[in-house]
Amino acid sequence: MLGWALTFLVVALVAAALGFSGIAGAAAGIAQILFLIFLVLFVVALVAGALRGRPPL
């Protein structure tokens with residue numbers, strides 16, 4: 001999921017450099033949403049691992 005967020009970030013940067021403001025805004029919004037979902041899932045995985053008593057890999 002982090003890979004998709006980075007892909008949309010790159011698409012947004014390229015579109016912004018070329019002047020496509022609508023595409024850049026949409027891609028940046030998607031990248032932000034995917035990154036936030038990734039962060040939430042990462043924190044949930046850390047908490048679940050801590051509750052099980054297993055050390056992180």
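The values are calculated or read from the model by the stated rules, or taken from the named source; none is laboratory data. Predicted, not measured: the structure shown is a model, and the values here were computed from it. When we count neighbours, we look across all protein chains shown, and the Cβ atoms used for this are built from the backbone with ideal geometry, even at glycine.
Can you give me the number of residues within the range 10-28 that are in a helix (DSSP H, G or I) and loosely packed, with under 15 Cβ neighbours inside 10 Å?
Step one: list which residues in the range 10-28 are in a helix (DSSP H, G or I), which gives 10-18, 21-28.
With loosely packed, with under 15 Cβ neighbours inside 10 Å added as a condition, the list becomes 10, 13-14, 17-18, 21-22, 25.
Going through the range 10-28 one residue at a time, the tally reaches 8.
For the range 41-49, indicate whether the set of residues that are surrounded by 12 or more Cβ atoms within 10 Å (Cβ to Cβ), among the hydrophobic types (A, V, I, L, M, F, W, C) and modelled with pLDDT of 80 or more is non-empty.
Taking every residue of the range 41-49 in turn, at least one turns out to be surrounded by 12 or more Cβ atoms within 10 Å (Cβ to Cβ), among the hydrophobic types (A, V, I, L, M, F, W, C) and modelled with pLDDT of 80 or more.
Do we find that Ala50 is assigned to a helix (DSSP H, G or I), aliphatic (A, V, I, L, M) and over 19 Å from the mean Cα position of the chain (by Cα) in this structure?
yes
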